[in-house]
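Inspection log for the structure reproduced underneath, given as structure tokens.
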Amino acid sequence: MWFKNLIVYRLPEDWSVSATELEEKLAARSLMPCGSFDMQSKGWVFSSDLERYVHTVNGQHLIALGVDQKLLPGSVIRQVATERAKEMAKEQGYPVGRRQMRELKMRVTEELRGRALTRKTVTHAWIDPINGWLVVNASSEGKAEDVVETLRNTLGSLQVTLLETERSPSSALTAWLMLGDAPLTFTIDDELELQAADQSKPTIRYVRHPLDGKEIRAQISGGMYATRLGLTWKDRISFVLNEKLHVKKLEFLLIEKDKPEDGGETTPAEQFDIDFTLMTGELAALLKDLATALGAPEEKQAAAA
């Protein structure tokens, strides 16, 4: 359940969808198996073992989008179509033309589609109405957009926006490297990706490497800029931030120490609630500090007040 990657959106200020309403709407658009002629099916699945589409603890909601996708590689289609084309050429006495080949591939695709294996993937998202976040546990923006688009269609409308900051992540990360320090509660770790601004975009990657040396400052002075940087927040969460404001490789460092020690056994359902509460509490505070460090307008206004 612990999120590994974050793509962060802002909820609309007038978000007022209750957990009950959200449960009803997601249940009405649950995942259905792929039909005979479908290559893909999307819909909501249970977000936890409690068999509810919306798992809610302390006003925080967990939802999950399921995608069933038939596996039908183009190489298999080409192989079968090529074999059929050879047989057809013998029967008709001349090679198969381009138009015939296109039609043959279409027929093969239709034939194999009904027998194709299906792969199921699940992408979780966390809705935080209190702090105004919609966070998708996805490694790519495409997967996150699938969740957002499906949620928008499910609710009828959803005006969310990707987290934006006044300062570009690349310029901020590059400046922190030059200073040798990150602001607020962040510290710089040992992972970095530098890229040059010219057309070929040569890239240098550092992994488990000290980032406070003259070599890196010289590369930045020579025109390179940071596109990925490892950071740690309050010695509690380590992650990699990239130039698109995507949070990668999340690792919760002190969660075990924070778990209640009442001496009793917890059920799996109770442990799930504990973990979800810990995760959302930590991530909400992390995102607030990150937005402040990069100059998100809402955080600046809150700090001024």
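Quick one: is ARG152 among the charged types (D, E, K, R), touching a residue at least 24 places away in the same chain (Cβ under 8 Å) and either outside the structural domain of ALA226 (by TED's automatic domain parsing) or in contact with an Asp or Glu (Cβ under 9 Å, 6 or more places away or on another chain) (or both)? Full working, then the answer.
Numbers: among the charged types (D, E, K, R): yes; touching a residue at least 24 places away in the same chain (Cβ under 8 Å): no; either outside the structural domain of ALA226 (by TED's automatic domain parsing) or in contact with an Asp or Glu (Cβ under 9 Å, 6 or more places away or on another chain) (or both): yes.
Spelling it out, it is not the case that ARG152 is among the charged types (D, E, K, R), touching a residue at least 24 places away in the same chain (Cβ under 8 Å) and either outside the structural domain of ALA226 (by TED's automatic domain parsing) or in contact with an Asp or Glu (Cβ under 9 Å, 6 or more places away or on another chain) (or both).
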Item to check | Close pairs from the stretch 10-31: first farther than 18 Å from VAL57 by Cβ, partner assigned to a helix (DSSP H, G or I) and among the hydroxyl-bearing types (Ser, Thr, Tyr), Cβ under 8 Å, at least 6 apart | outcome: LYS25/THR154; ALA28/THR154; ARG29/THR150; ARG29/THR154
Checklist entry - Pairs under 9 Å by beta carbon, first residue touching a residue at least 24 places away in the same chain (Cβ under 8 Å) and farther than 18 Å from ASP273 by Cα in the stretch 38-50, partner surrounded by 15 or more Cβ atoms within 10 Å (Cβ to Cβ) and among the acidic types (Asp, Glu), six or more apart or different chains? => result ASP38/ASP68; GLN40/ASP68; SER41/ASP68; LYS42/ASP68; LYS42/ASP146; GLY43/ASP68
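Considering only residues that are polar (S, T, N, Q) and in contact with a Pro (Cβ under 7 Å, 6 or more places away or on another chain), which ones fall in the stretch 6-46? Quick ask: steps written out before the conclusion?
Taking the stretch 6-46 first, the residues polar (S, T, N, Q) are 16, 18, 20, 30, 36, 40-41.
Matches in the stretch 6-46: SER41 only.
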Checklist entry - Would the stretch 39-57 turn up any residue that is under 27 Å from the mean Cα position of the chain (by Cα), exposed (fewer than 13 other Cβ atoms within 10 Å of the Cβ) and part of a strand (DSSP E or B)? => result yes
Checklist outcome for this item: If you go through LYS214, LYS201, LYS120, the only one that is touching a strand residue (DSSP E or B) at 6+ places or on another chain (Cβ under 8 Å) and not assigned by TED's automatic domain parsing to the domain that holds THR20 is LYS201
Next on the checklist: Go through (1) part of a helix (DSSP H, G or I); (2) hydroxyl-bearing (Ser, Thr, Tyr); (3) more than 30 Å from the chain's Cα centre (by Cα) for SER75 and report which single condition fails.
Outcome noted: (3)
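Filter the stretch 229-257 for residues that are more than 18 Å from the chain's Cα centre (by Cα) and β-branched (Val, Ile, Thr); which is modelled with the highest pLDDT?
Among residues in the stretch 229-257 that are more than 18 Å from the chain's Cα centre (by Cα) and β-branched (Val, Ile, Thr), the one modelled with the highest pLDDT is THR232.
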Checklist outcome for this item: The lone condition VAL67 fails out of (1) in contact (Cβ under 8 Å) with a residue 24 or more places away in the chain; (2) over 20 Å from ASP146 (Cβ atoms); (3) not in a helix (DSSP H, G or I) is (2)
Next on the checklist: Name the residue that is farthest from ARG152 (Cα to Cα), counting only residues in the stretch 36-57 that are modelled with pLDDT under 95 and polar (S, T, N, Q).
Outcome noted: SER36
Checklist entry - Of ALA172, ALA182, ALA226, which residue is surrounded by 17 or more Cβ atoms within 10 Å (Cβ to Cβ), part of a loop (DSSP other than H, G, I, E, B) and either of a type in the set (D, E, K, R) or under 27 Å from the mean Cα position of the chain (by Cα) (or both)? => result ALA182
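The values are calculated or read from the model by the stated rules, or taken from the named source; none is laboratory data. From a predicted model like this one, the values you see are computed outputs, not experimental measurements. Heads up, the Cβs are rebuilt from the backbone with ideal geometry, glycines too, and the neighbour counts pull from every protein chain shown.
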